[in-house]
Amino acid sequence: MVSFFSQSFHYDHPWQLVNIGVWRKYPNPHSAHVISVDVLDRSIDPSTGIVRTERVIGCKQKAPGWVVKLLGGTSDAYVREVSHLNPHTGETLVTSVNLSLCQYLTVLERISYRPCPMSPTQRTLFTQTAEIQARIAGWRPLQERFELWSLDMFNKNAQKGREGFEHVLRSLRQGMTVAEKA
């Protein structure tokens, strides 16, 4: 079984500001579970100008005690994130996948930030999808329960992520306004 998550909305900020925010997303008050962000690689394709960045994000996960006991995990979790920023099309694509407990659960997330077609200089279109798949052989009811719990947690964390990113974007915009007045 695979569970799916999808959402799309607009940020009332220009793509350029949103793109700066992508790199300054953590820390923020709504994502206290994120404890580290490490850049592993960053490169620019000389023929396309696309900037590729690979990061590992460290988190304190809130897995239920029965999951940690049964599957043998810890509260530390890691996510691999690869992003591609295309300065010509104005699109940033971010793909992330969990590294921790991936033999039991895979969460593949895809995010796109692009200028809003109706208001490209004022708003940014955000699209997010996730595929969540649990793999606990021979334990189908437990597998389904784990997957549905993971989908529910992803949904809650997506809302917190949106609130946290809005906080980051407001802070960036206020900082830019102060700098412009100076």
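The values are calculated or read from the model by the stated rules, or taken from the named source; none is laboratory data. Everything numeric here is computed off the predicted structure, so don't read it as measured data. Cβ atoms come from the backbone with ideal geometry, glycine included; neighbour counts cover every protein chain shown. The accessibility values were calculated without ligands, DNA or RNA, using every heavy atom of the protein model including side chains. Shrake-Rupley method; radii C 1.70, N 1.55, O 1.52, S 1.80 Å.
On the given criteria, is Ile20 of a type in the set (A, V, I, L, M, F, W, C) and under 19 Å from Gln128 (Cα atoms)?
Spelling it out, Ile20 is indeed of a type in the set (A, V, I, L, M, F, W, C) and under 19 Å from Gln128 (Cα atoms).
Hey, can you tell me all the residues within region 24-37 that are surrounded by 15 or more Cβ atoms within 10 Å (Cβ to Cβ) and not polar (S, T, N, Q)?
Lys25, Tyr26, His30, His33, Val34, Val37
For region 43-86, give me each residue that is part of a strand (DSSP E or B) and over 23 Å from Gln128 (Cα atoms).
If the condition is that a residue be part of a strand (DSSP E or B) and over 23 Å from Gln128 (Cα atoms), then Ser43, Ile44, Asp76 are the ones that fit.
Being open to solvent by less than 40 Å² (accessible area, probe 1.4 Å) and in contact with a Gly (Cβ under 9 Å, 6 or more places away or on another chain) narrows it down to one of Leu125, Leu105, Leu142, Leu101, so name that one.
Testing whether each residue is open to solvent by less than 40 Å² (accessible area, probe 1.4 Å) and in contact with a Gly (Cβ under 9 Å, 6 or more places away or on another chain) leaves just Leu101.
Which residue pairs have Cβ atoms under 8 Å apart, sit 6 or more places apart or on different chains, and have a first residue in region 15-33 that is touching a residue at least 24 places away in the same chain (Cβ under 8 Å) and a second that is assigned to a helix (DSSP H, G or I) and open to solvent by 70 Å² or more (accessible area, probe 1.4 Å)?
Leu17/Arg173; Leu17/Met176; His30/Lys160; His30/Glu163; Ser31/Lys160
Return the only residue of Glu131, Glu166, Glu147 being closer than 24 Å to Pro14 by Cβ and open to solvent by less than 90 Å² (accessible area, probe 1.4 Å).
Glu166
The conditions are (1) touching an Asp or Glu at 6+ places or on another chain (Cβ under 6 Å); (2) open to solvent by 80 Å² or more (accessible area, probe 1.4 Å), and Val82 fails exactly one of them. Which is it?
(2)
Can you name every one of the strands (runs of 3 or more DSSP E) wholly within region 87-182 that holds 1 or more residues which are over 25 Å from Ser43 (Cβ atoms)?
Values: elements: 91-98, 105-115, 124-134.
So the answer is 105-115, 124-134.
Please verify whether region 91-112 includes one or more residues that are within 14 Å of Tyr11 (Cβ to Cβ) and of a type in the set (S, T, N, Q).
Looking for residues that are within 14 Å of Tyr11 (Cβ to Cβ) and of a type in the set (S, T, N, Q), one finds at least one in region 91-112, hence yes.
Just wondering, is there one or more residues in region 7-19 that are among the small types (Gly, Ala, Ser), in a strand (DSSP E or B) and closer than 19 Å to Arg123 by Cα?
Within region 7-19 (the criterion being among the small types (Gly, Ala, Ser), in a strand (DSSP E or B) and closer than 19 Å to Arg123 by Cα), the answer is yes, since at least one residue qualifies.
Going residue by residue through region 56-68, is there one that turns out to be open to solvent by less than 60 Å² (accessible area, probe 1.4 Å), within 24 Å of Tyr104 (Cα to Cα) and either in contact with a Cys (Cβ under 6 Å, 6 or more places away or on another chain) or touching a residue at least 60 places away in the same chain (Cβ under 8 Å) (or both)?
Yes; the residues of region 56-68 include at least one that is open to solvent by less than 60 Å² (accessible area, probe 1.4 Å), within 24 Å of Tyr104 (Cα to Cα) and either in contact with a Cys (Cβ under 6 Å, 6 or more places away or on another chain) or touching a residue at least 60 places away in the same chain (Cβ under 8 Å) (or both).
Take the residues in region 85-98 that are open to solvent by 60 Å² or more (accessible area, probe 1.4 Å) and either more than 19 Å from Ala158 (Cα to Cα) or touching a residue at least 24 places away in the same chain (Cβ under 8 Å) (or both), then tell me which one is farthest from the chain's Cα centre (by Cα).
So the residue we want is His88.
Quick one: in region 21-35, which of the residues that are among the hydrophobic types (A, V, I, L, M, F, W, C) and more than 16 Å from Glu54 (Cα to Cα) is modelled with the lowest pLDDT? Before you say what the answer is, go through the steps one by one.
Residues of region 21-35 among the hydrophobic types (A, V, I, L, M, F, W, C): 22-23, 32, 34-35.
Still in the running and more than 16 Å from Glu54 (Cα to Cα): 32, 34-35.
On the way: Ala32: 85, Val34: 91, Ile35: 92.
For region 21-35, the residue satisfying everything is Ala32.
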